[in-house]
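Below is one structure, written out as structure tokens; comments come after it.
The values are calculated or read from the model by the stated rules, or taken from the named source; none is laboratory data. Here the structure is a predicted model, which means the values were calculated and not measured. Positions of Cβ are backbone-derived with ideal geometry, glycine not excepted, and every protein chain shown enters the neighbour counts.
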Amino acid sequence: MSNKEKMLQKRRLRRRRGVRKRVQGDAERPRLSVNRSHKHIAAQLIDDTNGRTLVSATTRDSDLREKIGYGGNCEAAQEVGKALAEKALASGIKAVRFDRGHNRYHGRVAALAGAAREAGLTL
């Protein structure tokens, strides 16, 4: 790993810790955590008090993979947001706290959040 990559990794970790310090999920309002890579996007609802994942959705899920095709674009992020919101509403979760991690609220991350909002979640 080069020096520049190490520096970028440290910055990302610092940003992620800053966001996590402010955003904590509990049973009534879990944390919606977004993980983004070049080819895929994943989101999960986490209860931090018990340390459990309540609901998750990703572009690697078999039911979404057929609809999406390539998982590294905004359309795929919207489908993941809709699927996550449907699963959350089915399990009785209506309000969440949004955790963008080290990512900017832009592009695929914003598309996922917008689709979850439209599907009925309160962020």
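Values computed for the structure shown
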{"read-out": "Test result for A83, at pLDDT 95 or above, assigned to a helix (DSSP H, G or I), touching a Leu at 6+ places or on another chain (Cβ under 7 Å) and surrounded by 14 or more Cβ atoms within 10 Å (Cβ to Cβ)", "value": "yes"}
{"read-out": "Selection within the stretch 25-37 - assigned to a loop (DSSP other than H, G, I, E, B) and either closer than 20 Å to G107 by Cβ or within 14 Å of the chain's Cα centre (by Cα) (or both)", "value": "G25, P30, S37"}
{"read-out": "In the stretch 33-53, the residues that are closer than 13 Å to A77 by Cβ and either in contact (Cβ under 8 Å) with a residue 40 or more places away in the chain or β-branched (V, I, T) (or both)", "value": "V34, N35, R36, I41, A43"}
{"read-out": "Condition check for G72: of a type outside the set (D, E, K, R), in a loop (DSSP other than H, G, I, E, B) and surrounded by 13 or more Cβ atoms within 10 Å (Cβ to Cβ)", "value": "yes"}
{"read-out": "Residues satisfying the stated conditions in the stretch 1-24, i.e. of a type in the set (A, V, I, L, M, F, W, C) and over 17 Å from Y105 (Cβ atoms)", "value": "M1, M7, L8, L13"}
{"read-out": "Of residues in the stretch 18-28 being surrounded by 11 or more Cβ atoms within 10 Å (Cβ to Cβ) and free of Cβ contacts under 8 Å to residues at least 40 places away in the same chain, the one farthest from N103 (Cα to Cα)", "value": "A27"}
{"read-out": "Residues of the stretch 96-117 that turn out to be in a loop (DSSP other than H, G, I, E, B) and either acidic (D, E) or touching a Leu at 6+ places or on another chain (Cβ under 6 Å) (or both), as a count", "value": "1"}
{"read-out": "Members of the stretch 38-69 that are of a type in the set (K, R) and assigned to a loop (DSSP other than H, G, I, E, B)", "value": "K39, R60"}
